[in-house]
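Just below is one structure, and these are the notes that go with it.
Where a number appears in this text, it was derived from the coordinates with a stated rule and is not lab data. Small disclaimer: the values here were computed from a predicted structure and weren't measured. Virtual Cβ from ideal backbone geometry, glycine too; neighbours counted across all protein chains shown.
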Amino acid sequence: MSIVLSSGGVLFALSTLILVPAAFPCPKECSCDRQAKVVDCQGQGLYDIPNELHPETLELYLQNNHIRGISSTAFREMPQLQVLNLANNSITMISPRALLELRGLRSLILANNSIRELNRRLLGSALNLTQLDLSYNNIAGLPGALADSFHHLTHLSLHYNRLTKLDRTHLEALETLEVLHLRGNPWKCDCQMIGLKLWLETFTFKGGVVDAVACTWPDAMQERDLRHVPYELFHACMTTSYSYLFANIHHLDGQRHPLHGPQPWPSPKAPTGPELGLSAGMPMQDCEAKQKPRAVSLRHAIATVVITGVVCGIVILMMLAAAIYGCTYAAVMAKYHRQLKKQQKQAGEEVEAGALGREEDKEPLENAIA
């Protein structure tokens with residue numbers, strides 16, 4: 001009997017071992033929390049993404065391995081993934097379609113890899129990202145449309161890369177951003193950084209957190225935080241491009257002017273050196289134009305002409321009405337005075353006639369008495 005029970009127990013145990021992996025299989029190199037649907041494969045010396053990952057996995061930790069690239073099919077079977085940690089690997093290449101199916105991804109950590117550039121399509125489908133960590137890579141620039149997909153991003157880490165400049169247009173669309181890490185980049189604090197300086201001042205004024213933007217060039221600004229560099233050191237830039245500064249000054253109240261997008265630097269054709277008060281170590285060529293100014297919209301030009309015409313027409317009508325009123329009033333008053341003078345003249349004549357009549361009546365009476 002005991003043998004039968006033992007056999008039954010063995011069979012039950014074997015069936016349990018078979019059914020549990022079937023419910024949530026776990027790669028042999030990893031440890032898994034089946035209830036939380038978490039797969040931990042960190043520090044296992046992996047060179048590739050494991051293949052035996054369950055489609056219902058919510059969190060995947062692959063940091064501290066030797067992964068060099070991520071193919072377009074690496075996470076195709078994991079549509080529910082919310083947290084992906086690939087930090088401390090040797091990643092140099094990421095397929096633009098690698099994250100295509102991860103529409104629920106909220107946290108993506110790619111820190112401490114060898115990434116040189118980001119394809120604009122890579123994060124286009126990750127619409128629900130709240131945390132993006134790209135720190136400790138070799139990124140020298142961000143794609144222009146990168147921020148268009150981030151409508152929920154709150155934390156962005158770009159520190160310790162090779163960024164020398166950052167256009168404010170990359171940041172303006174990040175309306176939910178709360179924390180921004182920019183430390184450790186070789187920032188070139190020339191004329192093109194005034195837009196970023198204004199954005200950073202507004203961002204911190206609203207309560208945003210920024211670690212530091214320490215300039216490495218020019219020498220006059222070296223090791224100084226861009227936010228704390230006085231505007232006097234940008235004197236050469238402002239002397240040759242006041243219109244650009246005024247176009248960006250709206251950042252101080254946190255609003256973007258509807259008629260102004262990202263403004264390029266104008267093409268200054270002015271003397272250089274002491275005549276402009278050029279700061280030491282800031283060559284004039286850094287203030288030159290990088291692209292042609294944006295053309296004025298034809299619709300806006302027509303609207304301006306129409307509005308100007310309407311205003312001028314109203315002013316002319318008001319002036320004409322005032323002139324007519326003045327002339328009419330003058331004519332009425334002149335007529336009134338003429339009638340008044342006529343009445344006064346008639347009254348005087350009547351008085352004189354009365355007096356003459358009394359004198360004529362008096363003469364016969366005097367003659368009769370005599």
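Observations
- Sorting the segments 319-328, 186-195 by their mean number of nearby beta carbons within 10 angstrom, highest to lowest, gives 186-195, 319-328.
- Overall Cα dimensions of segment 82-131 - principal axes, largest extent first, Å: 25, 19, 14
- Highest-first packing order for the peptide set 206-219, 113-126, 305-318 is 113-126, 206-219, 305-318, based on the mean count of other beta carbon atoms within 10 Å.
- A simple packing score, the average count of other Cβ atoms within 10 Å per residue, orders the peptides 132-140, 331-339, 36-44 as 132-140, 36-44, 331-339, with the highest score first.
- Within the shell defined by Cβ-Cβ distances under 12 Å, the residues around Gln42 carry a net charge of -3, with Lys and Arg each +1 and Asp and Glu each -1.
- Solution diffusion estimate, µm²/s, Stokes-Einstein, segment 187-236, Kirkwood Rh from C-alpha pairs, 10 °C, viscosity 1.306 mPa s: 144
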